[in-house]
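Quick notes on the structure that follows.
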Amino acid sequence: MKRLAMITAAALLAAGPAGAQLAQDSSAPIDITADEAEVINSQCLAIWRGAAEALQARTRMRADVIRVYSTKEGDGCGSTDRLEAEGNVYYVTVDRAVRADKAVYAAASETITMTGGVIIVEGRNVARGDQLVVNVESGAAQMSANARGRGNPNRVRGVFYPSGEGR
């Protein structure tokens, strides 16, 4: 039993998010916690279930489930390729908080794409839409919605306060 626990711990470390960047300009490690974790080495996949939370520096991603996919390197697994979060997703940085149904972090492009009832809050400023793409490196963000046309209540919408009043 003790040997199984040591093998499982080693597998979790090997399938961890090395090289990932949730926080802007951070080389800090990513610390993931959850109620349970499962590793599927053949797929280079670690699944964190139950109030999962990934922290890097002062940036946090919470979700019901977080999946970490690593690249295949020979017979083993390498650095993080992507991270997927689903169910009650929250992405919180020093400047903003975002809520969505699903999020995908792509290491190659250093972007987080959040979908499903997206709400972003910066100070008192609020915007909502169907999809938000955030470039983790630059902090730039783009919001979009599936609805089109003047008067459609489901278009991208934002409420912004004049400088100095929104924070």
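FYI, it's all coordinate maths here, none of it is from the lab. Remember, it's a predicted structure, so these values are computed and weren't measured experimentally. In this analysis, Cβ positions are derived from the backbone assuming ideal geometry, glycine residues included, and neighbour counts consider all displayed protein chains.
Tabulated data
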| item | result |
| --- | --- |
| Order of TYR91, TYR69, TYR161 under a 10 Å beta carbon neighbour criterion, fewest first | TYR161, TYR69, TYR91 |
| Per principal axis, descending, Cα span of segment 19-167 in whole Å | 54, 31, 28 |
| Label-point separation in nm, ASN154 to VAL94, each point 7 Å along Cα→Cβ | 3.8 nm |
| Per-selection Rg to Rh, segment 83-157 - Cα, Kirkwood hydrodynamic radius | 0.97 |
| Rounded to the nearest 20 debye, dipole of segment 22-132 from Cβ charges on Lys, Arg, Asp, Glu | 400 debye |
| Nonlocal amide H pairs with VAL136, under 5 Å, H built at 1.01 Å | THR111, ILE112 |
| Per residue Cα convex hull volume in Å³ - calculated over segment 66-119 | 80 Å³ |
| Ranked ARG148, ARG128, ARG58, criterion: other C-beta atoms within 10 Å, fewest first | ARG148, ARG58, ARG128 |
| Long-range HN-HN contacts of TYR161 with modeled amide H, under 5 Å | ASN125 |
| Rounded to whole Hz, the Karplus (6.51, -1.76, 1.60) HN-Hα couplings of segment 91-99, x for glycine and proline | 10, 10, 10, 4, 9, 8, 10, 10, 10 |
| Estimated inter-spin distance, ASP75 and THR33, nm [label 7 Å along Cα→Cβ] | 3.6 nm |
| Per-residue HN-Hα couplings for segment 51-68 [Karplus 6.51, -1.76, 1.60; θ = phi - 60°; Hz; x = Gly/Pro] | 6, 6, 8, 10, 10, 9, 6, 9, 10, 9, 10, 10, 6, 5, 9, 10, 10, 10 |
